[in-house]
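A short write-up of the structure that comes next.
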Amino acid sequence: MTVEATAPKTEPAPVAPQVTGNTPDTWEGRVLSQLASHRRYPRLALSRRQQGVPYIRFVMDRAGKVLSSRLERSSGFPDLDREAVALPKRAQPLPKPPNDKPGDTIELVVPVEFSCGDLVK
C-alpha cells in the first residue's frame with residue numbers, strides 16, 4: 001500500500017498583468033507602473049547582459065505599505081532576483097487598493113522584467 005503525503009492547499013495570490021501600452025487604467029496597472037519606475041538594473045547583471053523575469057510575491061496593507069516580499073520564481077540570475085525582491089519596499093507607498101479588494105492586506109504576484117534592450121531606447 002502506497003501512502004502519499006500532500007501539502008495543504010493554499011489559495012494562490014492573483015498575478016498582476018504585464019504593463020503594456022494598451023493596459024487599461026487599473027489599480028494593478030498602477031502598482032506595476034509604480035514598481036517599474038523604481039526598478040534598478042543591477043550594474044553587474046547589466047555588464048554581463050543578463051536578462052530575465054523574476055516573479056515576486058509581496059503583501060501590502062491598505063495604506064500601500066509593503067509588509068513582506070519574497071521570490072516566487074527565479075530569473076536564473078541571483079542579482080536580478082535580489083533586485084526584484086527589494087523593489088516593492090523601495091517603491092512604497094504603493095497605490096492604495098480599491099475598496100472592492102477584501103481584507104486588511106493584499107497579496108500580489110508580479111513579474112519584474114529585466115531586458116538589456118529596454119535600457120538602450
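The values are calculated or read from the model by the stated rules, or taken from the named source; none is laboratory data. Values in this document were obtained by computation on a predicted structure and should not be read as measured data. FYI the Cβ positions are ideal-geometry reconstructions off the backbone, even for glycines, and counts take in every protein chain you see.
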Quiz item: Picking from 117, 103, which residue would you name as being part of a helix (DSSP H, G or I) and either among the small types (Gly, Ala, Ser) or within 14 Å of the chain's Cα centre (by Cα) (or both)?
Solution: 117
Quiz item: Tally time: how many residues in the range 34-73 are more than 23 Å from residue 93 (Cβ to Cβ), in contact (Cβ under 8 Å) with a residue 24 or more places away in the chain and within 11 Å of the chain's Cα centre (by Cα)?
Solution: 1
Self-check item: For residue 86: the one exception among (1) out of contact with any Cys (no Cβ under 7 Å at 6 or more places or on another chain); (2) assigned to a loop (DSSP other than H, G, I, E, B); (3) surrounded by fewer than 17 Cβ atoms within 10 Å (Cβ to Cβ)
Solution: (2)
Exercise. Inspect the range 85-94 for any residue being touching a Pro at 6+ places or on another chain (Cβ under 9 Å) and on the phi > 0 side of the Ramachandran plot and give the result as yes or no.
Key: no
Quiz prompt | Output for the range 65-83, where each listed residue is in a helix (DSSP H, G or I) and surrounded by fewer than 18 Cβ atoms within 10 Å (Cβ to Cβ) | solution = 78, 82
Quiz item: Any chance the range 10-27 includes a residue that's under 21 Å from residue 99 (Cβ atoms), part of a helix (DSSP H, G or I) and at pLDDT 90 or above?
Solution: yes
